[in-house]
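**Student:** Quick one: structure below, then a few questions.
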Amino acid sequence: MRARVARNVAGWNLPPKMNKDERIKFENTLVDVFEKFGIPGKYHSLTPEHKNFIDQNKANELIKKHFLFNDMTTDNHLTSSGVASDWPHGRGIWVSEDETKMIWIGE
């Protein structure tokens, strides 16, 4: 079962209004939250030079498992609305150790 909940976080712009710096700060803020979550898991970042950066092979593996979202720049709606701006900066996924819980960042 998949339950999708899209929310904005108080004090942060919605993705179409974020600039690159805000996207990266938002991602880093949430990584800090995940580290205190109390649920074993790992964050996988698409942001180059991020401490949890994954290469394209690992990203493809997560996409193939239907965990990670695709390259947003291939979707005209996401591109024209500004959601795909600054791709792939500020994007990633937290996956629980047992792979039953996932949180997308910046999708």
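**Student:** Given the options Thr47, Thr29, name the one that is exposed (fewer than 15 other Cβ atoms within 10 Å of the Cβ) and among the hydroxyl-bearing types (Ser, Thr, Tyr).
**Tutor:** None of the others qualify; the one that does is Thr29.
**Student:** Still on this structure: State yes or no: is Ala84 modelled with pLDDT under 95 and surrounded by 11 or more Cβ atoms within 10 Å (Cβ to Cβ)? Full working, then the answer.
**Tutor:** Working: modelled with pLDDT under 95: yes; surrounded by 11 or more Cβ atoms within 10 Å (Cβ to Cβ): yes.
Judged against the criteria, Ala84 is a match.
**Student:** Return the only residue of Gly106, Gly92 being within 21 Å of Pro40 (Cα to Cα) and within 11 Å of the chain's Cα centre (by Cα).
**Tutor:** Gly92
**Student:** Output the qualifying pairs, or none if there are none: Cβ atoms under 6 angstrom, residues six or more apart or on different chains, first residue in the stretch 9-27 and closer than 16 Å to Leu78 by Cβ, second residue assigned to a helix (DSSP H, G or I) and modelled with pLDDT under 95.
**Tutor:** Close Cβ pairs satisfying both conditions: Pro16/Ser81.
**Student:** Could you identify the single residue in Asn52, Asn8 that is within 16 Å of Gly106 (Cα to Cα) and surrounded by fewer than 12 Cβ atoms within 10 Å (Cβ to Cβ)?
**Tutor:** On inspection, the qualifying residue turns out to be Asn8.
**Student:** Any residue at all in the stretch 3-20 that is under 17 Å from Asp86 (Cβ atoms) and charged (D, E, K, R)?
**Tutor:** yes
The values are calculated or read from the model by the stated rules, or taken from the named source; none is laboratory data. Note that the coordinates shown come from a computational prediction; the quantities given were computed from them, not determined experimentally. All Cβ positions, even for glycine, are placed from backbone atoms using ideal geometry, and neighbour counts span all protein chains on display.
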